[in-house]
Amino acid sequence: MSEWIVVAPFDPITEQELRWILRRRNELHADSVIVKPNGEGIASLAQRQEMVKRAIAPYRHLSLHGTVREPQLLVLPEELLSSEKIVRQGRYDKAARGIRKLLAESGVYFVESVNALCKPGRAAHSRSVAQVCRELASAHHLDAEQAWKAGILHDITKAWSDEAGRAFLQVYEPDKVSLNPKIYHSLTAPVFLKTVMGIQDKAILHAIRTHTLGDGHNDLDYILYIADKIEPTRGYDTRKETALAKEDLKAAFELVMKEAEDYRERRGE
Ligand SMILES: [Fe+2]
Ligand SMILES: [Fe+2]
């Protein structure tokens, strides 16, 4: 019985790594290959084990645990490890097929992805919005984790140039190209989140889509719109708005929208 073991962070296991392991298994005529996550990761060891378990489920020659005392070591090429980082930075489509849904639903790499795709100030704003979203949702006994996800992801395409946004919209929503480029990111983000990161939650995508114009009418739409404007890194005194938002989302949404309009008027926009 020939048993091999491949050890890596698998944070997370990628499709490229999985393909390589399967190919080597074949070449070596190994009876089994143990795929073992180790070391530190953004995801906990238990989470990475769960990912490997799901990723290898269709393959009978791969397992998470071994049966012999000293399996032979299979060394994963260094360059494959960088595919893990690419996934963490938002390319969930490059994760092993069986775990893409898990990544999109658990949000385990959302902060890492936002930190990679946004400028530092924007990433800090997004983390702060996410926190406020969570608090507001909790205050109203709504899904706090769903609200956090909408908050952390809402500006994910904000660093794109106007040209990049325009080119993307030409393909997906040509009738929106004529809008102010400041609005582009709220339209490109849901498409990017759906197609590249595999986010399926319609309420999250809708809240993000409506977060600049404030044209949403669901609780999560209100929460994200309010949180985007009142989060503490913006540096305004928002005690009044925060208190109102914990009492009445719709009233707070209307107040915050009115304040934003007044502000734009004062600046002559
Ligand atoms: Fe935004
Ligand atoms: Fe924002």
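The values are calculated or read from the model by the stated rules, or taken from the named source; none is laboratory data. All values reported here derive from a predicted model rather than from experimental measurement. Every residue, glycine among them, receives a Cβ derived from its backbone with ideal geometry; neighbour counts consider all protein chains shown. Only protein heavy atoms, including side chains, enter the accessible area calculation; ligands, DNA and RNA are left aside. Shrake-Rupley method; radii C 1.70, N 1.55, O 1.52, S 1.80 Å.
Tabulated data for the structure shown
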item	result
Those residues of the range 129-170 which are among the hydroxyl-bearing types (Ser, Thr, Tyr) and either within 13 Å of ligand 1 (Cβ to nearest atom) or open to solvent by less than 10 Å² (accessible area, probe 1.4 Å) (or both), in sequence order	Thr157
Residue list for the range 88-120, restricted to those being without any contact (Cβ under 8 Å) to a residue 40 or more places away in the chain and either open to solvent by less than 40 Å² (accessible area, probe 1.4 Å) or in the same structural domain as Asp155 (by TED's automatic domain parsing) (or both)	Asn115, Ala116, Pro120
Per-region count, the range 152-179, residues more than 16 Å from ligand 2 (Cβ to nearest atom) and either in contact with a Gly (Cβ under 7 Å, 6 or more places away or on another chain) or charged (D, E, K, R) (or both)	6
Filtered residue count, the range 89-126, keeping only those that are basic (Lys, Arg) and either assigned to a strand (DSSP E or B) or over 17 Å from Ala189 (Cα atoms) (or both)	4
Options Gly198, Gly214, Gly268; residue that is away from ligand 2 (no atom under 14 Å from the Cβ) and open to solvent by less than 40 Å² (accessible area, probe 1.4 Å)	Gly198
Candidates Leu76, Leu80 - the one that is under 14 Å from Val7 (Cβ atoms), open to solvent by less than 40 Å² (accessible area, probe 1.4 Å), assigned to a loop (DSSP other than H, G, I, E, B) and in contact (Cβ under 8 Å) with a residue 40 or more places away in the chain	Leu76
Enumeration of residues in the range 39-63 that are exposed (fewer than 14 other Cβ atoms within 10 Å of the Cβ) and in contact (Cβ under 8 Å) with a residue 12 or more places away in the chain	Gly39, Glu40, Ala57, Pro58
Checklist (1) over 13 Å from the mean Cα position of the chain (by Cα); (2) crowded, with 17+ Cβ neighbours inside 10 Å; (3) away from ligand 1 (no atom under 16 Å from the Cβ); (4) not small (Gly, Ala, Ser) applied to Thr188, failing item	(3)
Qualifying residue in the range 231-245 (condition: in a helix (DSSP H, G or I), surrounded by 11 or more Cβ atoms within 10 Å (Cβ to Cβ) and either touching an Asp or Glu at 6+ places or on another chain (Cβ under 6 Å) or outside the structural domain of Gln131 (by TED's automatic domain parsing) (or both))	no
Hey, Lys85 open to solvent by 10 Å² or more (accessible area, probe 1.4 Å), free of Cβ contacts under 8 Å to residues at least 24 places away in the same chain and within 16 Å of the chain's Cα centre (by Cα) or not	yes
Ala8 vs. criteria open to solvent by less than 70 Å² (accessible area, probe 1.4 Å), among the small types (Gly, Ala, Ser), assigned by TED's automatic domain parsing to the domain that holds Leu76 and in contact with a Ser or Thr (Cβ under 6 Å, 6 or more places away or on another chain)	no
